[in-house]
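Chemist: Please see the structure below; I have some questions.
The values are calculated or read from the model by the stated rules, or taken from the named source; none is laboratory data. On a predicted model such as this, the values are computed, not experimentally measured, just so you know. Heads up, the Cβs are rebuilt from the backbone with ideal geometry, glycines too, and the neighbour counts pull from every protein chain shown. The protein model used for the area step is the full one, side chains on, heavy atoms only, and it has no ligands, DNA or RNA in it. Shrake-Rupley method; radii C 1.70, N 1.55, O 1.52, S 1.80 Å.
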Amino acid sequence: MSASLDGELTQKEKQVLDTHLSICAECACEYKALSGLRIAMSAWQDEEPSEWMAHRFAYKLREFTSESKAASGRKPRWVFGRAAAGVAAVVMLGLFIYSRTVELQKVPLKILSANRTALLTPGSSAVGLKTVPPTVQSAGAPNSATSSGAPIMTANAKPAGDYTPRTAKPAYKKTIRYAAQGYGRNHRQRRYSRQPVKPVLVAYAPRDNFGTSDLASRHAEQIIMQKMDVARSVEGETNAIVTNHLDEANLKMNETFERVRGTLRVAADLLSSERKISNDMTTGPNGGTIL
Amino acid sequence: MEELFARFQKPLFNFFLRMVGRRETAEDLVQETFIKLCRFGNSFCGSHARFSTWLYSVAGNQCRDYIRYTSRRPETPIADMVDEDQAGNFADSLYASEESPVEDHLMRMEVNSSIKAAIDSLPEKERKAVILREYNDLEYREIAEILGCPIGSVKILIFRARQRLRERLKDVDMSL
């Protein structure tokens, strides 16, 4: 029936439908109701768009055409240049980050304090352990490491030959190297004697860069996360407040509309009743005109 | 492009107006549809479909995207408020019209708003199908191309939409 109203049926189908409608009262009633609905829906007439729409579209079209002209006029060779510059920048950044990452440095046994020896225990955060030719251990020095199962390394292990480092960092490096190779601090001894040294394990301790530590960076991260949580909660509260205000405004607006509609209905009723009264006055009770 | 805009702006505007319900949004959607036409007009192949069918399918996609966008971000329409100038013009038109009495005018407005509310309550696909059929006078075949479904589905969509509308509008006096 719906397709018949829209003219979408073939001749044969229309005949079948007409035959059925002539027999079935219920379907005929339904068909009448559908056609009445179509007539009622046609009461909603088309509206005219605003005059500014054409002007706004002309402006947007001009913008669009100018953008497309600019895009087509670009020289393609600069695209490659820019891409190459971007790749080079990424590579440089990667090298910079790599150079700033944690570096491993060998630390001699002698300078290991009580705290740092904790690095040598299993499960510690030591970066790695490496065996080097051992140094001569002083007689009678307790090998605490072996008794506790830790790697063979004690603070009492002495390199070959007595030596004392002159300066802190560079001297430690040299000392370890010489100790590993069995050389003393006295360079002249290197040519003439090479004493065997016992292998010792040395610990690698991370070198601090610019005085920063993991602890400080973790603390900074925690502060940042706290501030972000505070900002998120403030944003949520603000959104809730704005939503509440908008809901209240919507309710008030609806109430105002209802009041206006009611007033208009009352006005319409008054007008119609006034017209009726004036008509009655001019025509009179018997139907004749008074004036 | 200007000729196409002049020819199709009113039917497209009314299509969007009936789908989304707001004039400003309907105007924006019309402009965006034509901008898309400028951008992707090369993809139209005249041998398979009419231009109006292709244009309405682009418009239908715009409509669907807008409805999905607003369903995720509900808005409170402030611009729909009737300002003082419009209220004054409306009051003047009530007195100035001699052909249509005030009661008839108000009744017509009431019927229009009821029809609008009933159409707004339909599901999106049924609403699109019935608007394209009733107000844009498109054939079932064209509506099937626009909606991307078979002709049989279009018949069922329109039939169900009309059933729902009849149910909703049975209490409204359609004698006008």
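Chemist: Interface A/B, total buried accessible area with a 1.4 Å probe, nearest 100 Å²? Provide the component values of the computation, followed by the final result.
Modeler: Values: alone 24080 and 11840 Å², together 31660 Å².
About 4300 Å² of accessible surface is lost on pairing.
Chemist: Starting at the first residue of the range A:265-281, write each ³J(HN,Hα) from the Karplus equation 6.51 cos²θ - 1.76 cosθ + 1.60 with θ = phi - 60°, in whole Hz, x for Gly and Pro.
Modeler: Ordered by residue, 3J(HN,Hα) equals 5, 4, 4, 5, 4, 4, 4, 5, 5, 4, 4, 5, 5, 5, 4, 4, 5 Hz.
Chemist: Listed here are the pairs B:K116/B:K170; B:K10/B:K36; B:K10/B:K170; A:K60/B:K128; which of them are more than 20 Å apart at the Cα? Spell out each step's value before the answer.
Modeler: Values: B:K116/B:K170 14 Å; B:K10/B:K36 18 Å; B:K10/B:K170 31 Å; A:K60/B:K128 27 Å.
Distance filter (> 20 Å) returns B:K10/B:K170; A:K60/B:K128.
Chemist: May I pose another question? What list of ³J(HN,Hα) values in whole Hz, one per residue of the range A:56-67 in order, does the Karplus curve 6.51 cos²θ - 1.76 cosθ + 1.60 (θ = phi - 60°) give from phi, with Gly and Pro shown as x?
Modeler: These are the phi-based 3J(HN,Hα) values: 5, 5, 4, 5, 5, 5, 5, 4, 5, 5, 5, 5 Hz.
Chemist: Could you give the nm distance between label points at A:E237 and B:S57, where each point is 7 Å from its Cα heading toward the beta carbon?
Modeler: The modelled label-to-label distance comes out at 5.3 nm.
Chemist: Compute the distribution of all C-alpha to C-alpha distances in the range A:1-68, in bins of 10 Å from 0, and list the percent of pairs in each, rounded to whole numbers.
Modeler: Pairs per bin, as whole percents: 17, 26, 15, 12, 16, 12, 2.
Chemist: I'd like the mean, over residues of A:53-60, of how many other protein chain beta carbons sit within 10 Å of each residue's own Cβ.
Modeler: Working: counts 10, 5, 0, 4, 10, 4, 1, 5.
The shielding value for this peptide is 5.
Chemist: Only protein chains counted, 1.4 angstrom probe. Which residues of the range A:243-282 are at least 30 Å² less accessible in the assembly than when their chain is isolated?
Modeler: Flagged in the range A:243-282: A:L246, A:M253, A:F257, A:L264, A:R265, A:A268, A:L271, A:R275.
Chemist: Which net charge results for the neighbourhood of B:F13, defined as the other residues with beta-carbon distances under 14 angstrom from its beta-carbon, given Lys and Arg at +1 and Asp and Glu at -1?
Modeler: On the way: positive: A:R56, B:R7, B:K10, B:R18, B:R22, B:R23; negative: A:D46, A:E47, A:E48, A:E51, B:E24, B:E27, B:D28, B:E32.
Once positives and negatives cancel, what remains is -2.
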